[in-house]
Structure formats: C-alpha cells, structure tokens
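Shown next, in structure tokens, is the structure this report addresses.
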Amino acid sequence: MAPLDVVIIGAGAAGLFCAAQAGQRGLKVLLIDHAAKVAEKIRISGGGRCNFTNREASPAKFLSDNPHFCRSALARYTAADFIALVQKHRIAFHEKHKGQLFCDESAEQIIAMLLSECEAGGVTRWQPCKVAGVRRTDSGWAVDTERGEVHTNAVVIATGGLPVPKIGATDFGLRLAERLGHRIVTPRAALVPLTFDAAHWAPFIPMAGIALPVAISTTNPGRRGTVRTEFLEDLLFTHRGISGPAVLQISSFWRGGQPIEIDLAPGRDLSADLADAKSRSRRQLANELASWLPQRLADTWLALHGPAADLPMPQLPDAARKQLANGLQHWTLHPTGDEGWRKAEVMAGGVDTRDLSSQTMESRLHPGLYFIGEVVDVTGWLGGYNFQWAWSSGYACAEAL
Ligand code: FDA
C-alpha cells in the first residue's frame, strides 16, 4: 500500500467526519473499524432519528476537568456549520426541544451523508478489521492490522467511549493513551439512569412508568465553593430507579454518595395551592393533589408518607399541608448506583486534555498522534452536544493534519 498521510482508528461519528475532511483536503486517508457495520451509535441515536447537533452548543454545555479545552474546536466548527452540511445533503430535520435537532426520517441519513463525504475525499475504509497495535517508527507510525502493517505520518484515535459494549465499544483508545504516557481522567458512565438498592426502592415500584416534568438538582464541590446544578426536564420512574431526560442530565454531575433533590411540582407553590384548595374544595386530598401531579403518584406518595388519601380537604391540618408540600417539592434521594455502561449514552472522563492541544487535538507527548470525539475528556449534556463535539474535534484535527 502507498504511504499514507493518516490512519484513523474508529469509524464512528468523529472518525468518519475527520476522515472526510482530511480526504477532501487532499490527504491519503485510511479509516479502520473492527465492527462490521459503520457508525452503530449514530444508527441507534436519538431513538433512530439522531439528535445530530444543538443550536445552543457552547462550551457551557460540556463537562471536562478543563472546561475551556473544547472552546477553540467548538468555535471553529459550529452547530451552524454542521446544519449547513445537513442542508446541502437535503436531509429534512426539525427542532424538538431546547435547540435539539433531529432528522425527520432516519439516523441512517446522517450515516449516508458521512459516507458520501468520505467518498468525496477518496477515503479508504477497512471494516471489519482488527487493530493489534500502534507504534512509533523513525519516520512516523506503524499500525498493525489484521490486513497487514501500514505506515503513516499520523494516527487519529477515534474509538469513542465505553458505553454499549455490545455494539463495539472498547477501551482501545484509553489503553493506548495510557501506554504512551497520557494521563486518563477516570471514566464513568454519564447520561445514565440512576438506581437504588432493591429494598429501598420497593415502595416506589408502583410509580414505575409515570413520567412528569420536574426540577432536579445536585451539588458539587467547585473551585470557589459548592456549585448547584439544576435541570428542568421530564423524569420517568422505573422498576429500579429513575430515568428520563432530567435524570440523564443530572447523572453526569452526580457522584456516588451524593444526594439529589427533586421538585415534583416545579414552578408551583404547592403549600399555597393546598391552602387555597382547603378553603374552597370539599374533595379528598388524593384527588385534589392529582390536579398537579399524576394520580398514581399522588396515591403512592400519600400511602407512603401520609396524610390519608381520603382525608377531606377542609380537615387537612396546616402542619401536615406544609410537610406534604415540602416533601413533594424537596424530595431528597440517595441513589445507590447507575445502570452502567450497558445503558449509558456517553462516557465522562477519558484522555486527559492536559496532554492534548486544544487547537489540533494532537498529543503533546507524541507528535503525529491525535485523539478526537468521546475518548477525550469532554462530555456534552444530553441534546445533540456529544455529536457536535465529535464533528468539532474531528474538524480541528483534520485541519491540522
Ligand atoms: P463512536 O462510538 O461513535 O465511534 C467509535 C468507533 O470506534 C465505533 O465505530 C467502534 O466500533 C470503533 N472502535 C472501538 N474500538 C475499536 C477498536 N479496538 N478497533 C477498531 N475500532 C474500534 N449523542 C448525541 O449528540 N445525540 C444523540 O441523539 C445521541 N444518542 C445516543 C444514543 C445512545 C443509545 C448512545 C449509546 C449514545 C448516544 N449519543 C448521542 C452519544 C454519541 O453516540 C457519542 O457521543 C458519539 O457517537 C461519539 O462519537 P465517537 O466517534 O467519538 O465514538
């Protein structure tokens, strides 16, 4: 094989995009993936419609040990740039919620778009093809693959994070980085449902399947004191704990042992609402509460915490009213774990950004070695931000190759 300019390992979101950009800049690119199918995570993303970016993408929507690292790449290839590419390929899309953009039809359209962009760049793709190792040579890099050894000026690691191992996720990128002396920010599951030990959660199982809008928050130690993070989104009760967009968002900030607080009636003053209802309504408490909460939640909550569900409103004591409202609006929970890599949407942590250039994604330890996408310690909120990071980091890298 003729000498290569770059070998990109991982044909997911970041790898495909970077390969296309590098190829279209005239570089000779080989893209390798061990999986038979290309970009499985794009295929299953956004419920099959791929939330491919977010109009509100900005560094504030990303977590990292170095929150400034993503700034340069996000500024140089923006959500608007990716939207323009989607429009050029005549893919219809819509905004669902808070700037989140989804394909009208299918995530397959984004994959087809990336493959056609790779074709336009003359990218060679080997798939499925296992990679045994990557090593430095006098003139660049050698990549040992099951189709033979290839030599290249540069290697880009785009092997993603650890979530959903059954569709091809591996720790290849993390292991390689560590072996070459890179620091690693301990990986942890993020955008993931939270769980409780079975005995603790058993009384709440009757609420499984209920979804409702909530305010959810947690508090973390920050550089200047504690930082409270809150999201207003939907929560879903499950048989093992809590899920839904509110919980996925807060899970990225939650650390084991910390409490989370949930307001089950955000934007209301439930104590005042109940006082008002007491003065005008003769209904039973559970039915009155169901004006603001799902009936099954109201019934289960009263069965667990009181007062009696059939208490007529005029008989509701003030102390009980205040206690009930306070419990529902400041519900403090101590999750015991999360659903792990099987269910997480993204990995937080990864290759430490201190050892990478924020302009180019190149290793500061090994010239010619680059890390892009989820393998890097940059993690987006729920809502299209993680794909935007894949596009932006892939672009920054391709420009520098
Ligand atoms: P990605 O995982 O896309 O690609 C990595 C590639 O490397 C894979 O093709 C894999 O096979 C390959 N690979 C791994 N190990 C290898 C090895 N040893 N040798 C060779 N190849 C190897 N984000 C978002 O913004 N909007 C959304 O709607 C969703 N939805 C969503 C749903 C679900 C269920 C999940 C699990 C995740 C999402 N995400 C998301 C997150 C998003 O999918 C993710 O952040 C990006 O795909 C990351 O892009 P990368 O290219 O870095 O990794």
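The values are calculated or read from the model by the stated rules, or taken from the named source; none is laboratory data. All values derive from a computational prediction rather than experimental measurement. Here the Cβ is made from the backbone with ideal geometry for all residues, glycine too, and neighbour counts use every protein chain on show. Accessible surface is based on the protein model in full, side chains and every heavy atom, while ligands, DNA and RNA are left aside. Shrake-Rupley method; radii C 1.70, N 1.55, O 1.52, S 1.80 Å.
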- Item | Residue list for the range 193-209, filter: assigned to a helix (DSSP H, G or I) and either in contact (Cβ under 8 Å) with a residue 24 or more places away in the chain or open to solvent by 70 Å² or more (accessible area, probe 1.4 Å) (or both) | 198, 199, 200, 201, 203, 204, 205, 206, 207
- Task: Go through the residues of the range 78-94 one by one and say whether even a single one is touching a strand residue (DSSP E or B) at 6+ places or on another chain (Cβ under 6 Å), among the hydrophobic types (A, V, I, L, M, F, W, C), under 20 Å from residue 10 (Cβ atoms) and at pLDDT 95 or above.
- Result: yes
- Task: Quick one: which residue in 175, 125 is open to solvent by 20 Å² or more (accessible area, probe 1.4 Å), modelled with pLDDT of 95 or more, of a type outside the set (Gly, Ala, Ser) and within 18 Å of residue 40 (Cα to Cα)?
- Result: 125
- Among the residues of the range 212-240, which ones are in a loop (DSSP other than H, G, I, E, B) and crowded, with 16+ Cβ neighbours inside 10 Å? 238, 240
- Would you call residue 376 within 16 Å of the ligand (Cβ to nearest atom), touching a His at 6+ places or on another chain (Cβ under 6 Å) and of a type in the set (Val, Ile, Thr)? no
- Message: Could you check the range 1-22 and list, in sequence order, the residues that are of a type outside the set (A, V, I, L, M, F, W, C), more than 11 Å from the ligand (Cβ to nearest atom) and closer than 18 Å to residue 362 by Cα?
- Response: 5, 21
- Note on the structure: Of 380, 327, 350, 384, the only residue that is small (Gly, Ala, Ser), open to solvent by less than 40 Å² (accessible area, probe 1.4 Å) and farther than 30 Å from residue 54 by Cα is 327
- Residue tally, condition within 8 Å of the ligand (Cβ to nearest atom), open to solvent by 40 Å² or more (accessible area, probe 1.4 Å) and of a type in the set (A, V, I, L, M, F, W, C), over the range 27-82: 1
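I'd like to check something: does the range 255-273 contain any residue that is in a helix (DSSP H, G or I), modelled with pLDDT of 95 or more, farther than 24 Å from residue 96 by Cα and of a type in the set (Asp, Glu)? Talk me through it step by step, then tell me what you get.
First, the residues of the range 255-273 that are in a helix (DSSP H, G or I): 270-273.
Cutting the leftovers down to modelled with pLDDT of 95 or more gives us 270-273.
Going one step further and asking which of them are farther than 24 Å from residue 96 by Cα, we end up with 270-273.
Restricting the remaining residues to those that are of a type in the set (Asp, Glu) gives 273.
Yes; the residues of the range 255-273 include at least one that is in a helix (DSSP H, G or I), modelled with pLDDT of 95 or more, farther than 24 Å from residue 96 by Cα and of a type in the set (Asp, Glu).
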- Query: Taking the condition among the basic types (Lys, Arg), assigned to a helix (DSSP H, G or I) and over 30 Å from residue 66 (Cβ atoms), does residue 296 pass?
  - Reply: yes
- Taking the condition under 20 Å from the mean Cα position of the chain (by Cα), on the phi > 0 side of the Ramachandran plot and not in a strand (DSSP E or B), does residue 160 pass? yes
- Query: Has the range 133-153 got any residue that is within 16 Å of the ligand (Cβ to nearest atom), touching a Cys at 6+ places or on another chain (Cβ under 7 Å) and in contact (Cβ under 8 Å) with a residue 60 or more places away in the chain?
  - Reply: yes
